[in-house]
Structures are given as C-alpha cells and as structure tokens.
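Take a look at the structure below.
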Amino acid sequence: MDNIVDVLIIGSGVAGLYCALNLRKDLNILVVSKSKLESSNTYLAQGGIATARNEEDKPFFVQDTLRAGHYKNDIKAVEILADESMENIDELIGLGVEFDKEGKDLSFTKEGAHSINRIVHTKDYTGKSVAQALIKEALLRDNIRIFEDSYFVDIIEDKGKCTGAIVIKDNMQINIYAKAVVLATGGIGGLFNNSTNQRILKGDGIATAIKHKIKLKDIDYIQIHPTAFYEENVDDKRLLISEAIRGEGGKLINSKGERFVDEILPRDVVSKAIFEEMKKDEKPYVNLDIRFLGEEYIKNRFSFIYRECLKKGTDITKDYIKVSPAQHYFMGGIEVDVDSKTSMRNLYAVGEVSCTGVHGANRLASTSLLEGLVFSKRAAIDINNIIHYNKVKTVRVSNLNESIEELSIRNERMVIGALRERCKDLDYELFNCR
Ligand code: SIN
C-alpha cells in the first residue's frame, strides 16, 4: 500500500510533535508513533526546561552548558539554544502548558551545574504537561494525521535522497512517500537493562543511519543519571529521582551516614562519586535524603516521585531514598546542522536521535526538552521555506519478508555493535547493554 504526504515525521515525543505543530498549516503531515502518543520519553521527563532568564543570562547559560559538556559542544548550537530558549517556553505557554508560578511570575528551580535558578517546571511532571499540551493541539489540527502502534522499518532512499519511509501498521506494509522526512525516533535506553528510558526506545533511527551510511556523531557520549530509584531485579525502566530534588537541597549519604559529594555538580561527576561510594560500601545503592524539606512541601512539589516511591514501599517524607545511577540520555546521534538537516538530502533528525552538538560530552540538566523544542522548530522553519522546491518521487520498494521481531533484533544488534566499538569505557556489567 502506498501513501503520499508532504512531510513525514517518525516519532511522537516533544521533538516530533513540536516540529509538526510548527510546520505550515497547508502542509499534509503524517506522524508515525511506535506505540501510543503517551509512551514517549518526553512524558517521563520530570525536572523541567532550562531557559535563559533574560538577555544578561544568555552568556552564563552558554557557559554552564559548555562547562557541563566538557567543552566538547558545538558553540554555535549552544548559542542558538540559549538565544531561542525563552520564545519556545512562551510558545508552550501559548499552547496551554501550565508551568509553576510564584505569584504572577514563573517559578525557576535549580539543577546540577546551573549557576542560577533557570528551570521552569510543572511540579515534577513537566514532560507530561508538555506532552499533553502538544498531543491535544496536534489532534485538533486537520492537516496532521497520526499513526499509533506503527513500526518504522526503514527510510526509502533514491539516489542518495530520502523520499519516504516504510512502516508496518496493522500487519500491513505501507510505503509512505514525502517531500521531507523527519526522524524523531528518540534515544537508545531500551537497549540497556539499567535505564530510565521507555523500553521501546532502541535506537531505531541510529540503525537506519548505519544502514544508509548517514553521518553519526559522538556515539560514545552516553549519559548516566546519578539517581534512579534502586530496586532489586527490575525488568522495567528505572524510576527517575529528579535532579531537581538535589537542586533543592537533597543530600547524598553513604552507609556511614556521611555526605560524600557536592550534589549539584554535573551529572557525570556525581554518578562517578556514587559508583565509588557503592564500591567502598559494597552496596548496590547510596541514600538520598530529602526529609528536611518537610512533608507538605514534598507532597506538593514532588508529588509524582512521592506517589511512585510510595507504591514501591518508600515514604520519601520519612525514609531515605535508595538510589543508584542508570543510563538516561544519548548525547550522540545522527549528525545534524543547526537546521536539523542530516547528511542525506530531504532527511532531518530532531530530538534525542540527533546530535546537534549542543550537549558536548555531558548534557546540562533540563536541556533535553529544550533542545527538542528549539531544533525541531528550526527544522520546521527550514522545511516550510524549501518544501515547494521538493517533489514527491515514488520508487519501487520490495515486499518485506522479515517479521517485526526479526527486523528489530537485527537493528538492535547493529546499534549495540556500533556502541560497543566506540564506548570502550562503558561498564557493561552495570548497564548490561543487551
Ligand atoms: C531530572 O529531572 O533529573 C531529569 C532532567 C533531565 O534529564 O535533564
């Protein structure tokens, strides 16, 4: 079965949906989602969205981002991130996202390696409030169609140009042809047993890039979040204990009841300190103490984490939270320019699957949703400007003779192979990349 659209977007997290919403309303857009719209990593994001507070703060935001990223960042991309941060927050507010306020003003919190409080948030479920607003708006738009539970098989390439993608929906192969294709397939956390990510995120976009020799960048830059809730034998994603908790004073404590690290240093530094402490203590976790914040404050400000920990038997208003590091984010990915263009014509990549270079070797806290917003909007603007020059070209695509399971195992192996080759330092014992 063939289908022709103007713009095809693979992925429905913040980057995919925000791109769709910023495309011209006269364009016929199809968004393909691997599962349900609510199953994205965006939905799980807790902490918030960092933004430059004002013109004067922009250079400081840039400096904090570079310092956290070990100066391996692309400076131009970082400057764009800071420059365009506030306008995108305003756009979200226009779409109905209700960020927390102090009086009439937005409430800004602090997380690791930020020199000032500059993170807007909706309590501890910012991602959910952003995702819900984007989903609501996308469903209202007549020019946006959404395929849920649809498996992205591959892009369609014709003479070095991307002309569409192959998708399986309801056990049927659909060849979708488009004037522009946007990969927004998310990260790689589903390849790790120990990760805060949705299990369905297995680097599908990265596998596509490997198959089609599309340029990748920095695929050895994998972020480990210092604090995921510790449980024995979990098959599912790990419950994130937001960095905002440490930003608001949460203390990391070893088995002797002593603090062992400044909790708001960059994530890689705090994760390393926790690993060392776990080794010394011969324990698979350390403790995080936030009891001093008081029951009322905790139940209001960190209501999601409070409820989720309670379900797991820990009352965080009374008990220490057992935490250990977990894979959290992929800074590397498909190399893109500042308009999110990949090395293949007509193909864009946005969000975690892409590598804008903005994060360098270690992402500054609460900049992932921001990167998704800023650079997916830039992709949309680029597409809006050039799309009338593009023509849809249909080419012959052979019928698939592999099942979805076979295809996904093959893709996973390909991505894991590439990661293992590049990530010599990653401790596979701890993260168990399958
Ligand atoms: C967190 O809340 O700790 C996660 C935010 C992020 O990934 O930047």
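The values are calculated or read from the model by the stated rules, or taken from the named source; none is laboratory data. On a predicted model such as this, the values are computed, not experimentally measured, just so you know. Cβ atoms come from the backbone with ideal geometry, glycine included; neighbour counts cover every protein chain shown. What goes into the accessible areas is simple: the full protein's heavy atoms, side chains included, and nothing from ligands, DNA or RNA. Shrake-Rupley method; radii C 1.70, N 1.55, O 1.52, S 1.80 Å.
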query: Which condition breaks for Leu373 when tested against (1) open to solvent by 10 Å² or more (accessible area, probe 1.4 Å); (2) within 16 Å of the ligand (Cβ to nearest atom)?
result: (1)
field: Single residue of the stretch 267-286 satisfying the filter (buried (at least 23 other Cβ atoms within 10 Å of the Cβ) and under 22 Å from the mean Cα position of the chain (by Cα)) that is farthest from the ligand (Cβ to nearest atom)
entry: Val270
Residue count for the stretch 24-72, restricted to those that are within 16 Å of the ligand (Cβ to nearest atom), of a type outside the set (D, E, K, R) and part of a helix (DSSP H, G or I): 7
- request: For residues that are polar (S, T, N, Q) and in a helix (DSSP H, G or I), scanning just the stretch 376-397, find the one that is farthest from the ligand (Cβ to nearest atom).
  value: Asn385
- request: Look through the stretch 236-263, keep the residues that are assigned to a loop (DSSP other than H, G, I, E, B) and within 21 Å of the chain's Cα centre (by Cα), and return whichever of them is nearest to the ligand (Cβ to nearest atom).
  value: Ser242
field: Odd one out for Cys19, checked against (1) within 16 Å of the ligand (Cβ to nearest atom); (2) buried (at least 24 other Cβ atoms within 10 Å of the Cβ)
entry: (1)
query: In the stretch 398-417, what count of residues is obtained for those that are open to solvent by 30 Å² or more (accessible area, probe 1.4 Å) and either of a type in the set (A, V, I, L, M, F, W, C) or within 16 Å of the ligand (Cβ to nearest atom) (or both)?
result: 4
The stretch 22-74, residues that are charged (D, E, K, R) and touching a residue at least 40 places away in the same chain (Cβ under 8 Å): Arg24, Lys25, Asp26, Lys34, Lys36, Glu38, Arg53, Asp57, Asp64, Arg67, Lys72, Asp74
- request: Please find, among Ala326, Ala361, Ala380, the residue that is aliphatic (A, V, I, L, M) and open to solvent by 10 Å² or more (accessible area, probe 1.4 Å).
  value: Ala361
- prompt: Which one of these is open to solvent by 10 Å² or more (accessible area, probe 1.4 Å), in a strand (DSSP E or B) and more than 16 Å from the ligand (Cβ to nearest atom): Lys211, Lys179?
  reply: Lys179
query: On the given criteria, is Gly186 at pLDDT 95 or above and in a loop (DSSP other than H, G, I, E, B)?
result: yes
statement: Those residues of the stretch 340-370 which are assigned to a helix (DSSP H, G or I) and either out of contact with any Phe, Trp or Tyr (no Cβ under 9 Å at 6 or more places or on another chain) or away from the ligand (no atom under 14 Å from the Cβ) (or both) amount to Val353, Leu369, Leu370
- prompt: Out of all the residues in the stretch 1-23, which are within 21 Å of Arg345 (Cα to Cα) and assigned to a strand (DSSP E or B)?
  reply: Asn3, Ile4, Val5, Asp6, Val7, Leu8, Ile9, Ile10
message: Go through the stretch 123-133 and report how many residues are surrounded by 23 or more Cβ atoms within 10 Å (Cβ to Cβ) and either farther than 16 Å from Cys19 by Cβ or touching a Phe, Trp or Tyr at 6+ places or on another chain (Cβ under 6 Å) (or both).
response: 4
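Yes/no matrix, rows are residues, columns are (1) closer than 30 Å to Val374 by Cα; (2) without any contact (Cβ under 8 Å) to a residue 60 or more places away in the chain; (3) touching a strand residue (DSSP E or B) at 6+ places or on another chain (Cβ under 6 Å):
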site: Lys283; (1), (2), (3): no, yes, no
site: Leu288; (1), (2), (3): no, no, yes
site: Ile298; (1), (2), (3): no, yes, no
site: Leu310; (1), (2), (3): no, yes, no
site: Lys318; (1), (2), (3): no, yes, no
site: Ser343; (1), (2), (3): yes, no, no
task: Hey, can you tell me all the residues within the stretch 382-399 that are modelled with pLDDT of 95 or more and either of a type outside the set (Val, Ile, Thr) or farther than 25 Å from Val167 by Cβ (or both)?
output: Asp382, Asn384, Asn385
